[in-house]
């Protein structure tokens, strides 16, 4: 069995698309996944599966959420190696002058076909920083992500791919939990 990390977009935010984590864990178990663990309330689930196709995992999880809860939730599934690569690729995490509480990772469902870097960069405030990879967008938002114009929805629209954003602490904790259940 392989360990996977799934991150769900837009659940339990502002009273919308509410899913309790114990109910979500049970749904994953009913799909045949093992060693299911959740982290915080925003839809982070670590699990083991015999299924090796990421796209099949994403579709099965999303389909089951729609069936059980009645709404559509985009799902991004990562391997431990891919999550490690994304974490190691964050150029801002190596800068001792940056406070890690302002670091965020926007996980991309696929490589963007087009990347209008300048158009996106023009939306950031003068204090914010942004960096791109094939799998993620790295953000540094020292005034807070809540007021940034580099929102998840904005990035999805401009990059034309699905995405979901997590703070740096959560991103690292997901890797830690996944490594513990190998």
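Of everything in the stretch 151-168 that is touching a residue at least 40 places away in the same chain (Cβ under 8 Å) and more than 12 Å from the chain's Cα centre (by Cα), the residue that is nearest to residue 75 (Cα to Cα) is 161.
This table checks each residue for (1) farther than 19 Å from residue 152 by Cα; (2) modelled with pLDDT of 95 or more; (3) touching a strand residue (DSSP E or B) at 6+ places or on another chain (Cβ under 7 Å).
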residue	(1), (2), (3)
57	yes, yes, yes
78	no, yes, yes
82	yes, yes, no
87	no, yes, no
91	yes, yes, yes
97	yes, no, no
102	no, yes, yes
116	no, no, no
124	no, no, yes
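If you check residue 79 against the conditions, is it surrounded by fewer than 16 Cβ atoms within 10 Å (Cβ to Cβ) and touching a helix residue (DSSP H, G or I) at 6+ places or on another chain (Cβ under 8 Å)? Considered against the rule, which asks whether it is surrounded by fewer than 16 Cβ atoms within 10 Å (Cβ to Cβ) and touching a helix residue (DSSP H, G or I) at 6+ places or on another chain (Cβ under 8 Å), residue 79 comes out as yes.
A quick yes/no check of all residues on (1) modelled with pLDDT of 95 or more; (2) closer than 17 Å to residue 175 by Cβ; (3) in a loop (DSSP other than H, G, I, E, B):
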position	(1), (2), (3)
3	yes, yes, no
10	no, no, yes
19	no, no, yes
22	no, no, no
28	yes, no, no
35	yes, yes, no
42	no, yes, yes
47	yes, yes, no
52	no, no, yes
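Yes or no, residue by residue, for (1) surrounded by fewer than 18 Cβ atoms within 10 Å (Cβ to Cβ); (2) closer than 14 Å to residue 178 by Cβ:
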position: 1; (1), (2): yes, yes
position: 43; (1), (2): no, no
position: 54; (1), (2): yes, no
position: 69; (1), (2): yes, no
position: 84; (1), (2): yes, yes
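Quick check, is residue 92 out of contact with any helix residue (DSSP H, G or I) (no Cβ under 7 Å at 6 or more places or on another chain), in the same structural domain as residue 159 (by TED's automatic domain parsing) and over 18 Å from residue 178 (Cβ atoms)? It is true that residue 92 is out of contact with any helix residue (DSSP H, G or I) (no Cβ under 7 Å at 6 or more places or on another chain), in the same structural domain as residue 159 (by TED's automatic domain parsing) and over 18 Å from residue 178 (Cβ atoms).
The values are calculated or read from the model by the stated rules, or taken from the named source; none is laboratory data. Nothing here was measured: the structure is a model prediction, and the numbers come from that model. Note: ideal-geometry Cβ built from the backbone for every residue, glycine included; neighbour counts use all protein chains shown.
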